[in-house]
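> One structure follows; several queries about it will come next.
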Amino acid sequence: MPSSATVQAVALAMYDLQRVITAEGRMRTTTGGIFDRITTGTAHGTGFVSGHLEADDYWRYVGNGRGPGGMPPVDNIRAWLERAGIAASPWAIAKSIAKRGTRAHRRGDTNIFEAGIDKWEGGASVSAAEDAAGRELEDAAIDVIRTNLKRAS
């Protein structure tokens, strides 16, 4: 089992990822509701620790938009218009997106989640998780060497 220090470091790194993505998104979106529903967590067992981030299924369009083709969900557009306080036809917007894609997509804007992950990867919380895991691996390797040396003598 991984040490509590490693599990805690990974949990902190995942919380930091959520914070970075949310900060990036709040600057670039109109309503930001997706960021209120992000969850993070960790799982661990014998020999592993992993972190996960979960978001609404439309995360892949946040910031970089949606390309043409296929009708986007009108009900989702209606809900977004209501949250944003915009008086417009959700059906007309959906038809326009299906035909031309969103403005963000046409401009080639970056995905907020991907931009956040890029910022997070070089951050202190990732380094701390790597350091904790590295210390644990080093300690385990030393224990194996000591055990094998004692058996050999």
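The values are calculated or read from the model by the stated rules, or taken from the named source; none is laboratory data. No experiment lies behind these values; they were computed from the predicted model shown. Reconstructed Cβ throughout: ideal geometry from the backbone, glycine too, with neighbour counts over all protein chains shown.
> Out of Gly101, Gly108, which single residue is modelled with pLDDT of 90 or more, farther than 23 Å from Leu17 by Cα and surrounded by 11 or more Cβ atoms within 10 Å (Cβ to Cβ)?
Values: Gly108 fails: surrounded by 11 or more Cβ atoms within 10 Å (Cβ to Cβ).
Result: Gly101 is the single residue among Gly101, Gly108 that is modelled with pLDDT of 90 or more, farther than 23 Å from Leu17 by Cα and surrounded by 11 or more Cβ atoms within 10 Å (Cβ to Cβ).
> Also, I was wondering about something else. Could you check how many residues of the range 67-93 are of a type in the set (S, T, N, Q) and under 26 Å from the mean Cα position of the chain (by Cα)?
Of the residues in the range 67-93, the ones of a type in the set (S, T, N, Q) are 76, 89.
If we keep only those that are under 26 Å from the mean Cα position of the chain (by Cα) too, we end up with 76.
The qualifying residues number 1.
> Before we move on, is Ala87 among the aliphatic types (A, V, I, L, M), outside the structural domain of Glu130 (by TED's automatic domain parsing) and loosely packed, with under 14 Cβ neighbours inside 10 Å? Can you show your working first?
On the way: among the aliphatic types (A, V, I, L, M): yes; outside the structural domain of Glu130 (by TED's automatic domain parsing): yes; loosely packed, with under 14 Cβ neighbours inside 10 Å: yes.
Judged against the criteria, Ala87 is a match.
> Between a residue in the range 84-111 that is closer than 14 Å to Pro73 by Cα and any residue that is of a type in the set (A, V, I, L, M) and surrounded by 12 or more Cβ atoms within 10 Å (Cβ to Cβ), which pairs come within a Cβ distance under 6 Å, given they are 6 or more apart or on different chains?
Every condition considered, the pairs that remain are Pro90/Val74; Pro90/Ile77; Pro90/Leu81; Trp91/Val74; Ile93/Ile77; Ala94/Val74; Ala94/Ile77.
> Taking Ala94 as the residue in question, decide whether it is farther than 17 Å from Phe35 by Cβ, in contact with a helix residue (DSSP H, G or I) (Cβ under 8 Å, 6 or more places away or on another chain) and at pLDDT 90 or above. Working first, answer last.
Working: farther than 17 Å from Phe35 by Cβ: yes; in contact with a helix residue (DSSP H, G or I) (Cβ under 8 Å, 6 or more places away or on another chain): yes; at pLDDT 90 or above: yes.
Criteria met by Ala94.
> Given the conditions (1) surrounded by 15 or more Cβ atoms within 10 Å (Cβ to Cβ); (2) under 18 Å from Asp57 (Cα atoms); (3) touching an Asp or Glu at 6+ places or on another chain (Cβ under 6 Å), and given that Ser3 satisfies all but one, which numbered condition is not satisfied?
Exception for Ser3: condition (2).
> Kindly state which helices (runs of 4 or more DSSP H) lie completely within the range 67-127 and contain at least 1 residues that are within 17 Å of Met27 (Cα to Cα). Walk me through how you get there before you give the answer.
Numbers: elements: 74-84, 90-100, 103-107, 112-121.
Answer list for the range 67-127: 74-84, 103-107, 112-121.
> Identify all residues within the range 30-76 that are of a type in the set (Ser, Thr, Tyr) and either surrounded by fewer than 16 Cβ atoms within 10 Å (Cβ to Cβ) or more than 13 Å from Phe113 (Cα to Cα) (or both); write none if there are none. Show your work before the answer.
At the first step, the residues of the range 30-76 found to be of a type in the set (Ser, Thr, Tyr) are 30-31, 39-40, 42, 46, 50, 58, 61.
Answer for the range 30-76, where residues must be of a type in the set (Ser, Thr, Tyr) and either surrounded by fewer than 16 Cβ atoms within 10 Å (Cβ to Cβ) or more than 13 Å from Phe113 (Cα to Cα) (or both): Thr30, Thr31, Thr39, Thr40, Thr42, Thr46, Ser50, Tyr58.
> Turning to a different aspect of this structure: Among the residues of the range 51-58, are any touching a strand residue (DSSP E or B) at 6+ places or on another chain (Cβ under 7 Å) and of a type in the set (D, E, K, R)? Write out each step before concluding.
Step one: of the range 51-58, the residues touching a strand residue (DSSP E or B) at 6+ places or on another chain (Cβ under 7 Å) are 51-54.
With the extra rule that they be of a type in the set (D, E, K, R), the set shrinks to 54.
Checked the range 51-58: at least one residue is touching a strand residue (DSSP E or B) at 6+ places or on another chain (Cβ under 7 Å) and of a type in the set (D, E, K, R).
> May I ask you to say which residue of Ala115, Ala133, Ala128 is in the same structural domain as Ser4 (by TED's automatic domain parsing), surrounded by 15 or more Cβ atoms within 10 Å (Cβ to Cβ) and in contact with a strand residue (DSSP E or B) (Cβ under 8 Å, 6 or more places away or on another chain)? Write out each step before concluding.
Details: Ala115 fails: in contact with a strand residue (DSSP E or B) (Cβ under 8 Å, 6 or more places away or on another chain); Ala128 fails: in contact with a strand residue (DSSP E or B) (Cβ under 8 Å, 6 or more places away or on another chain).
Exactly one residue qualifies, and that residue is Ala133.
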